[in-house]
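The values are calculated or read from the model by the stated rules, or taken from the named source; none is laboratory data. Source: prediction; values computed, not measured. Every residue, glycine as well, gets a Cβ built from its backbone with ideal geometry; the counts of neighbours run over all protein chains shown.
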Amino acid sequence: MTATLLLAATLALPLALLAALALPRLRRLVPKALALAPLPALVVALAAAPLGLAPLLDAGSAMLLGAVAFLWIAAGACAPMILRGASDAPRLAGWWLLTLAGNLGVFVAADLVSFYLVYAMVSLSAYGLVVHDGTTRARAAGFAYLALGMLGEALLLMGFVLAAAAVPDGSLAIRDAVAALPGSPWRDATLIFLLAGFGLKIGLVPLHVWIPLAHSAAPLPVSVVLSGAVVKAGVIGLLRFLPFDAAMADLGANLGMAFATVGLVTAYYGVLVGITQSNPKTVLAYSTLSQMGLVAAVVGMGLAAGDAGAVTAASLYAVHHVLAKGALFLAVGLAAARRSLLVLGLTAIVGLGLAGLPLTGGMIAKSVIKVPLGDGVIATLAGLASIGTTLLILHFVGRLAAKASGDAPMPLALRSAWIAVAMAALAVPWALAPGDAVAKALTAEAMWQAAWPIGIGAVLALALQRFGHRLPAVPEGDVAASGTALARLMQQGSDATARLEAHLRAWPVAGLSLLALALVLSLALGAR
Amino acid sequence: MTMTVFGLCGAALVGIGLYGLIVQAQPLRRILAFNLLGGGVFLLFGVIARRGAVEGLGSDPVPQAMVITGIVVAFSATALAISLVVRLKETGRGDDEGSA
Amino acid sequence: MPAAALDPGLLLVLAVMLPATGAVAALALPGRWAGRIAFGLWPLGLAVAVAVAWTVWAAGAPLHYAVGGWAPPLGLMLRADGPSALMLLVAAIVIGAAGLYARADLRPEPGATESRAAVVFWTLLMALWSALNAVALGGDLFNLYVALELLTFSAIPLVCLGGSAKTLQAALRYLVFALVGSVLYLLGTALLYGAYGTLDIVLLSGRAGPEPAAILACALMIAGLAAKTALFPLHLWLPPAHAGAPPAASAVLSGLVVKASFFLIVRLWFDVMPGLSTAAAANLIGALGAGAILAGSVMALRQARLKLMIAYSTVAQIGYLFLMVPLLFGVPQAEIAANAAWSGGWLQLASHALAKAAMFLAAGLIAEAAGHDRIHGLDGVGRAVPVAVLAFTLAGLSLVGLPPSGGFAAKWLLLSAAVATGQWWWAVVMILGGLLAAFYLFPVIGRAYADGTAAFARPRDARSREFVVLALAVAAALLGLSQLYPPGLLRIGLGSGLAGAGVP
């Protein structure tokens, strides 16, 4: 009971601040206090074991919750800088706190219904953040975000209903639903809906278009939390809802392998499209796709093998991504103010951590996912993805350097947030690494394994620098353009419905329909 | 025999009423058609009451009570509809979107 | 009968007669009294509804009262089971909210006398309430016919309260189509009486079997009632009528009036003729409901005007109610009340009543602030009427189906039933309906909260009205929490409960 209350406290502060927005006296203070809102969550995450929260918040969830809360604090400190005046402050604060509460909630929600609620909160409220600038571009991105977000909600609702239907005593606890899943008569359908719903959230191809659009159109602190923290709602969903259970091993093999394949396709796809982009934020958004694709590969292989170790490995990898991606986005803000070699250099190191650069936190993250990936084709391809990551990150640093100009002072909040998050990205994975992972990573053999893909990636990056102008120009959101074809199709469907409906609303047609209904119904009732 | 004639008359009235309701475009004609339709249904109620009488229940008073109530309801409906038509005439038909 | 003074069944008489007396008194007394009478009666009526619900729930059995001491088949019986009690409660709440809203909306300018529209509104609101309660409590099919007609006659003048040619046309169209529906219903009762010699629901359920007369009667009655419920494709009258009426009237029309005829469909289908349903018929009704969900949602998406969009959303939301029929097909009568689809359907009825009423009232305030209801011109209206926009949002969350709203719980229950019976195609339709609802509602909400350059005026007496609307929307948004407790009330009445209800 106490444990449940402690978990609930993580949401209490954001929601209390949200309520404070309704009071005219406090309204002006709330936007300045955004950085404080995630503090209880950070405390709960750090002290989960001593507080006895382990049964409700497993180790993987706790570390991911901590990282997410930390990034929200850093971004919250920078949030006031995007305000244009007093009028939009309460609105930004409102959407911010709702998104934050939902984002923290996905880690602590214990039953299906509250999970669905907080998941909808984080997905849908972020719309208000994406369109904050009110530009046409932001609105278009917001629309894509909301449309795919709702599609994800719909897929998950079906998945949850199916999962709950299999629980014998009608319990709605996530734990019970996961336990009942392997024996469910609707097992495959449930898994497909869950994988598709959460897969959409983490941007798996082909449901990824909203990520590049939204993450680049949003204001900077919003991009930081969207790419760093909000996307992790999908990761934690996968980790909490999938049965990584030996009983599933043979049953889940096909689905798991399929999911891992989609993940790998996404990992490479993100790199290939990302290197054609020139906006640094868009490049980072594609890097998020690529990284989440790798997480999906780990999850898929874990599901296929029924390996519960995949949960911890994927969590640790995601923790590193939260911090590293946060630091990279924050660097975009710094570079916009002033060209600084320190910023560019540290950004390159943190960014290459995503490729597993030796001695960075990323190296540990990369080495722990090797276990669940196994040693087949998928593992090899996942390892080679580091080459692509290097290429993409160096492309990003190049774009950042090209855009960096001016000699304005870097905002203090932004600078402190960036330093803190970047340092955390380098250090935290070492502290969280399980067992002998650190010792294993520090051998010369491991160093070499980590270093050579980066070398190849660097050579490719030089080539890209040279010949990059020959690459085709891919629009931001790549296949979003083909979305217009889909939109046209939907428009035609809508027009056809409208014509039919107008016809049915004509008086004689409606009168005849009424008589026809009476007749057909009597025939149908008589057909026994 | 009379019963069958009454029943057929009732059915015919229902048919004419429904036809009129569907094909007529003018509100007043539709209201008249509704009254024919209602008349047909009341006639059927009468047949049913009569049939109860044939089966030795005396004259079944319940359908008759229903018919009386039904006539009152139909009368009110007609009055309401007519008053709407009158108001519409007074207001002047604005746009002719979807004749009532 | 001195003993009858203690009969809890008298509550049922009160539920019908209190508002009816009010309506008659409002006609007899000078105009300024109409509003006062309505306000004096509302707490009493609400108390009666609560008392009925409490008595039914505490006793675990339906309440009944034989009017004048005459038992069926000759006399008329008033009965209250679980769903009736739910209808009474929802009606009292929505009518109260609409009344409170209208009090500010229709209040005469200082110094002016009560307008004709205000007197008409209050009188008809009470008449409508009485008729709604009579529909919920009626135990005799002919009696229900009269109640349904009273309901239609008090609803139709509300449509054209504004008096413009457009609303008069809408009202006339509504009236004539509803009359065709009632005649079909009446024809059905004539056939049933001819075949079984009674129209009492309980007696009929014991006597009626799948004979041709019963089948034809049932088909005619359901079709007639479907016309009054505006079930797709019989919805031609609903959008202009509900969109053209004043906000308080639209709230009652969309929230309550269409539910009354649906209530009778459920009565007929599950109480009167439990053995009559066939797979083909149940699927036909379900298909029309699915058509309503899809076509209504697509049409709502295409509307440029807020009130028309909300009206088409009603067409769509009505569709969910009808999915109860196929989802409960084949369930033995004794188990229906415990089925998820049963609770889901009734919860959908209640939550849509609250949410849609809140939405129409909020839209009224929004339109008043903007001076129009074109969706494209509403950017930034949230600054003029923030609480109304918040209420609109909360009501929208219930229509889309996000927890903890009643709409979510209803959809969850209906989806579970679809999964459990393997009828996944209804689940697909429901999910699509929620998706489409998000697509037509969220852009409006987004615009209302966005920055805008248009100037909006804060409406007169906005504060009190805004909070009425918010209370209604909050109720809709939290209604799903009622599922945390066993929904005992809705299980009272069907099967074993009804069979012993007041039949000598």
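When you go through (1) closer than 23 Å to C:VAL48 by Cα; (2) facing chain B (nearest Cβ under 9 Å) one by one for C:GLY99, which number turns out not to apply?
(2)
With the structure loaded, tell me whether A:GLY128 is modelled with pLDDT under 90, in contact with a Gly (Cβ under 9 Å, 6 or more places away or on another chain) and within 11 Å of chain C (Cβ to nearest Cβ) or whether it fails that test.
Yes.
Among the residues in the stretch A:393-401, are any within 24 Å of A:LEU316 (Cβ to Cβ) and either modelled with pLDDT under 90 or more than 22 Å from the chain's Cα centre (by Cα) (or both)?
no
For (1) closer than 22 Å to A:ALA77 by Cβ; (2) charged (D, E, K, R); (3) buried (at least 18 other Cβ atoms within 10 Å of the Cβ), each residue gets a yes or a no:
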| site | (1), (2), (3) |
| --- | --- |
| A:THR389 | no, no, yes |
| A:ALA408 | yes, no, no |
| A:SER416 | yes, no, no |
| A:THR443 | no, no, no |
| A:GLY457 | no, no, yes |
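Out of A:LEU342, A:LEU330, A:LEU354, A:LEU359, report the one residue that is more than 28 Å from A:PHE467 (Cβ to Cβ), of a type outside the set (Ser, Thr, Tyr) and either crowded, with 24+ Cβ neighbours inside 10 Å or at pLDDT 90 or above (or both).
Answer to the check: A:LEU330.
Quick one: C:LEU220 ticks every box in (1) touching a residue at least 24 places away in the same chain (Cβ under 8 Å); (2) within 24 Å of C:ALA66 (Cβ to Cβ); (3) of a type outside the set (D, E, K, R) except a single one, so which number is it?
Of the numbered conditions (1) touching a residue at least 24 places away in the same chain (Cβ under 8 Å); (2) within 24 Å of C:ALA66 (Cβ to Cβ); (3) of a type outside the set (D, E, K, R), the odd one out for C:LEU220 is (2).
Within the stretch C:382-485, which helices (runs of 4 or more DSSP H) (wholly inside it) include 3 or more residues that are at pLDDT below 90 and away from chain A (no Cβ under 13 Å)?
So the answer is C:462-478.
Kindly check whether there is at least one residue in the stretch C:237-258 that is facing chain A (nearest Cβ under 9 Å), part of a loop (DSSP other than H, G, I, E, B) and among the aliphatic types (A, V, I, L, M).
Scanning the stretch C:237-258, I find no residue that is facing chain A (nearest Cβ under 9 Å), part of a loop (DSSP other than H, G, I, E, B) and among the aliphatic types (A, V, I, L, M), so the answer is no.
Take the residues in the stretch A:496-528 that are within 9 Å of chain C (Cβ to nearest Cβ) and charged (D, E, K, R); name whichever of them is surrounded by the most Cβ atoms within 10 Å (Cβ to Cβ).
A:GLU501
Could you tell me which of the residues C:LEU288, C:LEU276, C:LEU284 is closer than 30 Å to C:GLY209 by Cα, free of Cβ contacts under 8 Å to residues at least 40 places away in the same chain, surrounded by fewer than 24 Cβ atoms within 10 Å (Cβ to Cβ) and among the hydrophobic types (A, V, I, L, M, F, W, C)?
C:LEU284
Is it true that A:MET410 is out of contact with any His (no Cβ under 7 Å at 6 or more places or on another chain) and not in a helix (DSSP H, G or I)?
Here the answer is yes, as A:MET410 does meet what is asked.
Scan the stretch A:132-159 for residues that are at the interface with chain C (Cβ under 7 Å from one of its Cβ atoms), over 16 Å from C:PHE439 (Cβ atoms) and assigned to a helix (DSSP H, G or I) and jot them down.
A:MET158 - this is the single residue of the stretch A:132-159 that is at the interface with chain C (Cβ under 7 Å from one of its Cβ atoms), over 16 Å from C:PHE439 (Cβ atoms) and assigned to a helix (DSSP H, G or I).
If you scan the stretch C:153-181, which residues turn out to be more than 8 Å from chain B (Cβ to nearest Cβ) and closer than 26 Å to C:VAL16 by Cβ?
Scanning the stretch C:153-181 gives C:SER154, C:ALA155, C:LEU158, C:VAL159, C:LEU161, C:TYR174, C:ALA178, C:GLY181.
Could you give me the residue pairs with C-beta distances under 9 Å whose first residue belongs to the stretch A:18-42 and is touching a residue at least 24 places away in the same chain (Cβ under 8 Å) and under 29 Å from A:LEU53 (Cα atoms), whose second residue is polar (S, T, N, Q) and part of a helix (DSSP H, G or I) wherever it lies, and which are 6+ apart or on separate chains?
As it stands, the answer is A:PRO38/A:THR10; A:PRO38/A:ASN103; A:PRO40/A:THR10; A:ALA41/A:THR10; A:LEU42/A:THR10, since those pairs meet every condition given.
Does A:ALA437 satisfy the criteria of being of a type in the set (Gly, Ala, Ser) and at pLDDT 85 or above?
No.
Would you confirm, using the coordinates I've provided, whether C:ILE222 is in a helix (DSSP H, G or I), of a type in the set (A, V, I, L, M, F, W, C) and within 14 Å of chain A (Cβ to nearest Cβ)?
The answer is yes for C:ILE222.
Give the number of residues within the stretch C:278-320 that are of a type in the set (S, T, N, Q), within 25 Å of C:ILE375 (Cα to Cα) and part of a helix (DSSP H, G or I).
Adding up the residues that qualify gives 4.
Check the stretch A:145-158 and report whether any residue there is in contact with an Asp or Glu (Cβ under 9 Å, 6 or more places away or on another chain) and either closer than 21 Å to C:ALA427 by Cβ or outside the structural domain of A:THR288 (by TED's automatic domain parsing) (or both).
No, there is no match, as no residue in the stretch A:145-158 is in contact with an Asp or Glu (Cβ under 9 Å, 6 or more places away or on another chain) and either closer than 21 Å to C:ALA427 by Cβ or outside the structural domain of A:THR288 (by TED's automatic domain parsing) (or both).
Anything in the stretch C:268-285 that is of a type in the set (Gly, Ala, Ser) and either facing chain A (nearest Cβ under 7 Å) or in contact with an Asp or Glu (Cβ under 7 Å, 6 or more places away or on another chain) (or both)? List them, or say none.
C:ALA280, C:ALA281
Search the stretch B:13-38 for residues being buried (at least 18 other Cβ atoms within 10 Å of the Cβ) and more than 12 Å from chain A (Cβ to nearest Cβ), and hand back the single one that is nearest to C:LEU172 (Cα to Cα).
B:ILE31
Look at the stretch A:22-62 and say how many of its residues are more than 30 Å from A:LEU242 (Cβ to Cβ) and either acidic (Asp, Glu) or surrounded by fewer than 19 Cβ atoms within 10 Å (Cβ to Cβ) (or both).
So the answer is 13.
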